[in-house]
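Enquirer: Encoded as structure tokens, here's the structure I'll be asking about.
Every number in this text was worked out from the coordinates using simple rules, so none of it is lab data. For clarity, every value in this text was computed on a predicted model and none was experimentally measured. Note: ideal-geometry Cβ built from the backbone for every residue, glycine included; neighbour counts use all protein chains shown.
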Amino acid sequence: MLALAALALPLMLGNRTPEAMTASLLLMTSAALLAGILAMLPPQGALAPPARSWLAFGAVFSALVLVQVLPLPTLAQAFGAYPDALWLHPEFEPRHWSPDVGATLRGWAAFVALFTTAWIAHGLRRTQRNLIWLGLVGMALFQAGYGVAAHAAGADSIFGIWPRNNPDFVHGSFSNRNLFAAYLALLWPMSVAVWWIRDMPLLGRLPSELKVAGSLMASAIIGAALLASASRLGSAAGIAGMLVALVLWSRHRHLLHARSAWPAYLALAAALLAAAWYGLTPLAARLLATGIDEGRFEVATLMLAELPWQWYLHGVGLGGFEAVFKQLQPGHISGWYDYAHNDLMQWLVEMGLAGLLLLAAVVMALIRSAHLSTERIALYAGLAALSMVGLGDFSWHIPATQFVLALFIGTLLRRPRHRMPSAPR
């Protein structure tokens, strides 16, 4: 169920409308909850229930969301992000902390699905996880190959269904090239790692020569498509993620089951050469055109300068950014700003100090569980790439990407079974 959802979600984003996002959320929540039920039923029920720390995290998050949607005018008056005109209107009285209860409930539904997905990934056996990684790399290769082929052929639609919003750039089945680039940046290091995981199905027993060739081709296809998307942030994040993987693999060469990390370096070089062959001019032109007057910079400036500082303490409500930003969006900033193009800042505005503490708890759990393997280095590198994207875009809110992210985080929260004893001083 998890693998099917992970493969289906990227194919549904050719038209990012409220209807498409609702359908993606419905698919993600249905698949995650069904997988969770199956994981607890015999004979498949081999997964232990979530640990107390997991349950406490979920309970705190859910309690906070519940308070945000309760119809209590007192909370709305104390914490609600409503303009003064609404309070003065004779026929309207805000009753909820959250300015958009529907968005808050949808956000909570996504959280439940992602929480369940991470819990299942945390308890999966290595052989099961390998099948998921293999499927995700296959989807990344499909996205990259389809994107390059559609761009080269001058196709004006995605799968003959949706019009291509950026026909001059590669963006696979995603309506937005930045979301496409972030998806590939998340999975690019794994496209190299799958060839060097010992028990990887279909690939683990291949001769070293074929593993080198396969990792080169996979990295070249994904890297070329990523850079040809001309997404500045996505391209920078993808290269940064690959560099993180190379540094870790170089310092722990034995994890690649080879004498050195030279196959990984060759994979990155092959990607850059393929991108140069296909054409880096659009990306170079956009890099030269980058300026501080762009929309996302202006949105961030408005949020820092115009939003009351109290909102950053208590939050305006999960999913409430769009309703809040409409209050201060100037006329010259056109477009549909349902996201802040900065996931960290949006999280802080919506969830306040409590949300920041929840995020810190996840980071601390990842640090406590930190250890290295070929698999985990690719996951850390992908997480680093998407964290960089989150500083200037909204991929953390997109089902196709956040679902894969939940699989990554759930796996990275697994602690090593055996630790090597420390050397005597």
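Enquirer: Largest first, please: the extent of the C-alpha atoms of segment 1-156 along each principal axis, to the nearest Å.
Expert: Sorted largest first, the three principal extents are 58, 50, 20 Å.
Enquirer: Only counting other Cβ atoms within 10 Å, I'd like F92, F297, F79 sorted with the fewest neighbours first.
Expert: Sorted ascending by nearby Cβ count, the order is F92, F297, F79.
Enquirer: Could you work out the per residue convex hull volume over the alpha carbons of segment 1-55, in cubic angstrom?
Expert: In segment 1-55, the Cα hull volume divided by residue count equals 89 Å³.
Enquirer: Any idea what % of Cα-Cα pairs in segment 49-107 are farther than 14 Å? Don't skip to the end; give the middle numbers.
Expert: On the way: 1036 of 1711 pairs.
Summing the P(r) tail past 14 Å for segment 49-107 gives 61 percent.
Enquirer: Where does segment 126-173 land on the Kirkwood hydrodynamic radius, alpha-carbon pairs, in angstrom?
Expert: Answer for segment 126-173: a Kirkwood hydrodynamic radius of 11.7 Å.
Enquirer: If you project the alpha carbons of segment 102-229 onto their three principal axes, what span does each projection cover, largest first, in Å?
Expert: If we take the Cα atoms of segment 102-229, the spans are 43, 42, 22 Å.
Enquirer: Now for a separate question. If you count, for each residue, the other Cβ atoms within 10 Å and average over each peptide, how do 157-170, 376-389, 190-203 line up from highest to lowest? Mind dumping the intermediate values first?
Expert: Values: 157-170: 15.0, 376-389: 23.7, 190-203: 21.8.
The most tightly packed comes first, giving 376-389, 190-203, 157-170.
Enquirer: Residues with amide H under 5 Å of L318's amide H, sequence separation 5 or more or different chain, H placed in the peptide plane at 1.01 Å from N; which?
Expert: none
Enquirer: Measuring from centroid to centroid over Cα atoms, what is the spacing of segment 126-198 and segment 216-250 in Å?
Expert: 13 Å
Enquirer: Give the dimensionless ratio obtained when the Cα radius of gyration of segment 74-134 is divided by 2.2 N^0.38 Å.
Expert: 1.95
Enquirer: Dividing the alpha-carbon radius of gyration of segment 334-425 by 2.2 N^0.38 Å (N being the number of residues), what value is obtained?
Expert: Against the compact-globule rule of thumb, the ratio is 1.32.
Enquirer: Quick one: Cα centre-to-centre distance for segment 345-420 and segment 305-334, in angstrom?
Expert: 25 Å
Enquirer: With n ≥ 4 as the cut-off for DSSP H runs, can you work out [θ] at 222 nm for the chain, using -39500 (n - 2.57) per run divided by the number of residues, rounded to the nearest 500?
Expert: Mean residue ellipticity, 222 nm, calculated: -21000 deg cm²/dmol.
Enquirer: If I compute volume of the Cα convex hull per residue in Å³ from the structure I just sent, which labelled value in (i) 138; (ii) 155; (iii) 177 lines up?
Expert: Calculated volume of the Cα convex hull per residue in Å³: the matching label is (iii).
Enquirer: Moving on to the next point. What helices does the chain hold that run 30 Å or longer along their axis, going by alpha-carbon atoms, with a Kyte-Doolittle average of -1.0 or more, using DSSP H for the helix calls?
Expert: 18-40, 101-123, 126-152
Enquirer: Oh, and also: Quick one: order L26, L11, L179 by neighbouring beta-carbon count within 10 Å, fewest to most.
Expert: Numbers: L26 14, L11 18, L179 26.
Ascending Cβ contact count within 10 Å gives the list L26, L11, L179.
Enquirer: Below 13 angstrom from the Cβ of K326, what's the summed charge of the other residues (Lys, Arg +1; Asp, Glu -1)?
Expert: Taking every other residue near K326 into account, the sum is -4.
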